[in-house]
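Worksheet: the structure to be examined is printed underneath.
FYI, it's all coordinate maths here, none of it is from the lab. Everything numeric in this text was worked out from a predicted model, so none of it was measured. Backbone-built Cβ (ideal geometry, glycine too); neighbour counts: all protein chains shown.
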Amino acid sequence: MDEQPVMVFKDVVKVYPLPAGDVTALEGVSFQVDRGEFISIMGPSGSGKSTLLNLMGCLDIPTTGDIYISGTRIGDMSDVELTNLRRDRIGFIFQYFNLFPLLNIIENVTFPMMLKSQRAVDPEKGKEVLRSVQLEEKLFTHTPTELSGGQQQRVAIARALINDPDILLCDEPTGNLDSKTGAGIMDLMTELNKKGTTIIMVTHDPHIAEYSRRTIRIADGRIVA
Amino acid sequence: MIFWEIAKRNIRINVLRSSLAMLGIVIGVVAIASMGILGNSLVASVSDSLSSVGDSVIVTPYSGGGGGFGGGGGSRSVNLKITDQNFQQIKRVAAPNVAIPVYQTAEHMKIGVGSDDIVAVVYGLPSADVPDLLKLQDGVYNNGNSGCLIGPTFAKDHNLKVGSRITIGTNGDKGTLRVMGIIEERGMSFDISTDSALVVTKEWFENTYNRDADYDEVVVKVKDGDTAAMKIAIEKQLNKRKDMKIVNVMDSKATLATIYSTFGMVTTFVTAIGGISMVVAGVSIFNVMMMSVTERIKKIGIMRSIGTQKKEVMSMFIYEAAIIGVVGSTIGGVMSIMAGYAISALVLNTTKHLFTIANAFSVAEGMGFGIVICLACGFYPAWRAANLNPIDALRHE
């Protein structure tokens, strides 16, 4: 396992300036994620989970404090650099799958690859990743709307993995699936973690959180456990 | 690239909306290009009629103004004919160019026995100078006092041929003339309009109408083309006194330039009116693009979150606008040629001026304007899409 942590939060504060007064969403949050970890982040609504997720996903920058992704400090990065960091180092998995309906499955999966290479890519890598998430080959040329929820989430996982990211960031990955399909997805995530993929998962479902090896609990913008 | 593909597919999936936006561009391009074609064809048509007189300076007796309407300040009309003395002065100034004295009157005449009395213009010109001024389509130049030349419209209207006879005067009292030649069509002219007229010898005209070197006008054919200098030289010689002008001098080339300039302005004006429809089309494109952005806010958020740069999001929408612009403008360009053909045929009764460089430019101008309008109207929606906050966009439902 690589010595360098894939993610470090140091005294991170996030304040949203609003007309009615500043709102502090995160207050002095510090933690570290080592390579190969499977972490779940839990907390009630309004606890700061979404803000934390946005910061971990480099969609936002902290008001104060430092965030490091694979040793790179994100606080001073430009939008272009942050976007490249998201593309190359982070894989996103959303609750509602968020595939592109205008693209077929292979195109959806290879989309981040095309962003990286700036040219048409060999679909074989996409097929390989789709096979690794156990999606039937006959579905590769279908459009997302022709797939079930569980199948769509497998495609979304494949898309998140295509650029070999350092971290897989999951926002309620089973929140839109029935329990059996959800369990299948979690089994897949566990398997990916066993192969070395670092996973950070935001969830409010304690059963789903049980799949992770560490849980960070957050309340009122602070880590409580 | 994938964004080009997404832009194409988005247009295909919203085919009705995209087609309506394209239709606006098609109408705009057709309006601009066909108005341009009409204007160019009009100029070309007039140019055909007038270009043969572009090397002339026409001198007429001073009539109180600069050859146009109204008077010229305190000046007075002192002579409605050009005297032989004046003509000799003009001739000296014009040398080595040819100065042609012209007599002109309207006369009654009959064609054949028992025919109706008609009235036509009769010009009297020195026989030696006629070839410098007129070209024949049939027959020979007239050197004798019993012959005449006639214009092509006159010949056609009265079914005259070389050798036909025309009886001059109300009761035929001015004798009979034989048609020696038929003049080539000259169209509108500043010097003499011969299409529906007779041209006789100077001597016949002087004898018949009792005229003696008091000309109605003098035409100077300027070989080197510098008609402006010739105009100034003649005016300087003959209109020496500011309070008593002798002649009006018209530079046909300058007059032509004024006419072309006026036609140019008219063309620009009607094209600008066509441009209004393009602006309306642009508003439609803007609306379509804004709808397209609003519909895809969430998708934009996803794209941005997984590593799509702002410029790539922007390119996707610019591609959409460009596709609408290029396809709409191309269809519009083809249709504007057809519209230009139809308008030219209906308004000018000819389509021979359709395939010209000026008209090709008008079509290109219309198409270019269509594409530019599409890109310009697609720019803000694209910019707005690219600059959406990814977090807000992801939350959008």
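Would you mind getting the Kirkwood hydrodynamic radius of the protein assembly as shown from its Cα pairs, rounded to one decimal in Å? Result for the protein assembly as shown stands at 32.0 Å.
For the stretch A:94-177, the extents of the C-alpha atoms along the principal axes are 34, 29, 23 Å, listed from largest to smallest.
For the pair B:Thr153 and B:Leu16, a Förster radius of 60 Å applied to the C-beta separation gives a FRET efficiency near 0.60, rounded to the nearest 0.05.
Net charge dipole, the stretch B:88-215: roughly 220 debye, given to the nearest 20, about the Cα centre with Cβ charges of +1 for Lys and Arg and -1 for Asp and Glu. Summarising the label geometry, the points placed 7 Å from Cα in the beta-carbon direction at B:Met338 and B:Lys135 lie 3.8 nm from one another. Here the sum of -39500 (n - 2.57) over DSSP H runs of 4 or more residues, divided by the residues of chain B, equals -18000 deg cm²/dmol at 222 nm, to the nearest 500. The magnitude of the dipole of chain A, with charges of +1 and -1 set on the Cβ of Lys/Arg and Asp/Glu and taken from the Cα centre, is near 220 debye. Straight-distance candidates among the aspartates and glutamates for linking to B:Lys156, with alpha-carbon spacing under 20 Å and chain neighbours fewer than 8 residues away dropped: B:Glu107, B:Asp116, B:Asp117, B:Asp138, B:Glu184, B:Glu185, B:Asp195.
Working note: Debye formula, equal point scatterers on the alpha-carbon atoms of chain A, no solvent; log10 I(q)/I(0) at q = 0.15 Å⁻¹ is -1.00.
Under the combined filter of DSSP loop state and at most 12 neighbouring Cβ atoms within 10 Å, the stretch B:235-277 retains these trypsin sites (Lys or Arg not before Pro): B:Lys240, B:Arg241, B:Lys242. Spread over its residues, the convex hull of the C-alpha atoms of the stretch B:102-214 is 93 Å³ per residue.
Each of A:Ile185, A:Thr143, B:Asn239 was placed along the dipole of the protein assembly as shown (beta-carbon charges, centred on the mean Cα), and the one lying farthest toward the positive end is B:Asn239.
Using helices alone, what [θ] at 222 nm do you get for chain A, with -39,500 (n - 2.57) per DSSP H run of 4 or more residues, divided over all residues and rounded to the nearest 500?
Details: 7 runs with 75 residues, N = 225.
Rounded to the nearest 500, the figure is -10000 deg cm²/dmol.
If you plug the beta carbon distance of B:Lys311 and B:Lys8 into 1/(1 + (r/R0)^6) with R0 = 25 Å, you get a FRET efficiency near 0.85. Listed by number, the DSSP H helices of chain B that run 30 Å or longer by alpha-carbon position along their axis and have mean Kyte hydropathy of at least 1.0 are B:15-50, B:252-295, B:310-343, B:357-386. Placing dummy labels 7 Å off each Cα toward the beta-carbon, the span from A:Asp76 to A:Gln134 is 4.7 nm. For a paramagnetic label modelled on A:Glu27 (point 7 Å from Cα along Cα→Cβ), amide N atoms under 19 Å away belong, within the stretch A:209-225, to A:217-225. Post the alpha-carbon centroid distance, the stretch A:181-225 to the stretch B:180-235, in whole angstrom. If we compute the Cα centre of each part, the gap is 104 Å. In this label model, A:Thr64 and B:Thr351 are separated by 8.0 nm, measuring between points 7 Å along each Cα→Cβ vector.
DSSP assigns beta bridges within the protein assembly as shown; of those with both partners inside it, close to 65 percent run antiparallel. When chain A is described by a simple charge dipole with +1 on each Lys and Arg Cβ and -1 on each Asp and Glu Cβ, the residue from A:Ile90, A:Ala25, A:Tyr211 located farthest towards its positive end is A:Tyr211. For the residue pairs B:Lys8/B:Lys299; A:Lys14/A:Lys195; B:Lys161/B:Lys223; B:Lys8/B:Lys311; B:Lys174/B:Lys202, the alpha carbons lie more than 24 Å apart in A:Lys14/A:Lys195; B:Lys161/B:Lys223. Once the Cβ-Cβ distance of B:Asn143 and B:Ala272 is raised to the sixth power relative to R0 = 60 Å, the FRET efficiency obtained is 0.65. Dimensions of chain B from C-alpha coordinates, computed as largest minus smallest value along each principal axis and given longest first, are 102, 53, 32 Å. In the protein assembly as shown, if the dipole is taken from +1 on Lys/Arg beta carbons and -1 on Asp/Glu beta carbons about the Cα centre, which of A:Pro165, B:Met22, A:Ile106 is farthest to the positive end? Highest projection toward the positive end goes to B:Met22.
Within the listed set B:Asp116, B:Asp195, B:Asp55, the residue fluctuating most in the Gaussian network model of chain B (springs between alpha-carbon atoms under 10 angstrom) is B:Asp116. Cross-link partners of A:Lys125 among lysines, defined as those whose alpha carbon lies under 17 angstrom from its own and excluding same-chain residues fewer than eight positions apart: A:Lys116, A:Lys138.
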